[in-house]
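Here the structure is laid out as structure tokens; the discussion comes afterwards.
The values are calculated or read from the model by the stated rules, or taken from the named source; none is laboratory data. Source: prediction; values computed, not measured. So basically every Cβ, Gly included, is an ideal-geometry build from the backbone, and we count neighbours across all protein chains shown. Surface accessibility is based on the protein's heavy atoms, side chains included, excluding ligands, DNA and RNA. Shrake-Rupley method; radii C 1.70, N 1.55, O 1.52, S 1.80 Å.
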Amino acid sequence: PEAPTYQWVEIDPNQGGAGTQVTLGDFGSYQDKTRAMNLPFGFQFYGEPFTRVSICSNGWIAMGDTYLTDYRNWTIPGAGAPPYLIAAWWDDLAEVSSPAAHVYQRYDAANHRFIVQWSRMKNTVTNTTNTFQVILLDPAFYSSPSGDGIILMQYQTVNNDDYEDGYATVGIQNADHTDGLLYTYY
């Protein structure tokens, strides 16, 4: 009864959404980028409060600021990931100019949520596309027993076919890489 209901929230303006592109500039191998930005509300993750989030072209966000751009995904928990990782679809992904494929963000104030969407991102090994999103729910309106913020990961199109780099990793991980929840790896 406490499970979320799948309801895709389109924010890609090219698909009729109202999101804003996160300017990254990752258009191929070894161009991986991460950009940090302010959150529209405070968010607790693994017991720590955050007001910023880092968004990576490679299908993950990390709470707080990080310079890491890890394209090579690993298992969770593991040292090969940024601290405070939320890996929606961690793999070597890239943007495409035409048709437009980018990362978007949107603060949906009416529904008290912050959305990051990787829209039609290309896998650099297989050229297949993936569209998925992370939704952070505002803890002031959506509480949890632990006090940590609620995270939704939603998938519209995924192709787990990257045989060279361990397929994709999905899960979350704490700051010191000692605890996490792994949904899938390799």
Subset of segment 11-39 [farther than 18 Å from G59 by Cβ and either in contact with a His (Cβ under 9 Å, 6 or more places away or on another chain) or without any contact (Cβ under 8 Å) to a residue 40 or more places away in the chain (or both)]: N14, G16, N38
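Open to solvent by 10 Å² or more (accessible area, probe 1.4 Å), touching a strand residue (DSSP E or B) at 6+ places or on another chain (Cβ under 6 Å), on the phi < 0 side of the Ramachandran plot and assigned to a loop (DSSP other than H, G, I, E, B), is that true of D65? Even if it seems obvious, please write down each step before you answer.
Working: open to solvent by 10 Å² or more (accessible area, probe 1.4 Å): yes; touching a strand residue (DSSP E or B) at 6+ places or on another chain (Cβ under 6 Å): yes; on the phi < 0 side of the Ramachandran plot: yes; assigned to a loop (DSSP other than H, G, I, E, B): yes.
So D65 passes the test.
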Those residues of segment 93-103 which are surrounded by fewer than 21 Cβ atoms within 10 Å (Cβ to Cβ) and free of Cβ contacts under 8 Å to residues at least 40 places away in the same chain, in sequence order: S98
Filter pass, N127 being part of a loop (DSSP other than H, G, I, E, B), open to solvent by 30 Å² or more (accessible area, probe 1.4 Å) and within 24 Å of G78 (Cα to Cα): no
Every residue from segment 131-166 that is open to solvent by 30 Å² or more (accessible area, probe 1.4 Å) and within 27 Å of N14 (Cβ to Cβ): I151, L152, M153, Y155, Q156, T157, V158, N159, N160, D161
Per-region count, segment 147-186, residues farther than 21 Å from R72 by Cα and either of a type in the set (A, V, I, L, M, F, W, C) or without any contact (Cβ under 8 Å) to a residue 40 or more places away in the chain (or both): 3
Single match in T5, T34 (criterion: of a type in the set (S, T, Y) and either open to solvent by 90 Å² or more (accessible area, probe 1.4 Å) or more than 15 Å from the chain's Cα centre (by Cα) (or both)): T5
Residue that is surrounded by 22 or more Cβ atoms within 10 Å (Cβ to Cβ) and among the basic types (K, R), where the choices are R113, R72, R106: R106
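Tell me yes or no: at least one residue of segment 165-186 is part of a strand (DSSP E or B), under 22 Å from G16 (Cβ atoms) and either among the basic types (K, R) or in contact with a strand residue (DSSP E or B) (Cβ under 8 Å, 6 or more places away or on another chain) (or both).
Applying the first criterion (part of a strand (DSSP E or B)) to segment 165-186 yields 169-173, 180-184.
Adding the requirement that they be under 22 Å from G16 (Cβ atoms) leaves none.
No, every residue in segment 165-186 fails to be part of a strand (DSSP E or B), under 22 Å from G16 (Cβ atoms) and either among the basic types (K, R) or in contact with a strand residue (DSSP E or B) (Cβ under 8 Å, 6 or more places away or on another chain) (or both).
For segment 88-101, check the following and say yes or no: at least one residue is among the β-branched types (V, I, T) and modelled with pLDDT of 95 or more. Quick ask: steps written out before the conclusion?
Step one: of segment 88-101, the residues among the β-branched types (V, I, T) are 96.
Then keep just the ones that are modelled with pLDDT of 95 or more; that gives none.
No: zero hits.
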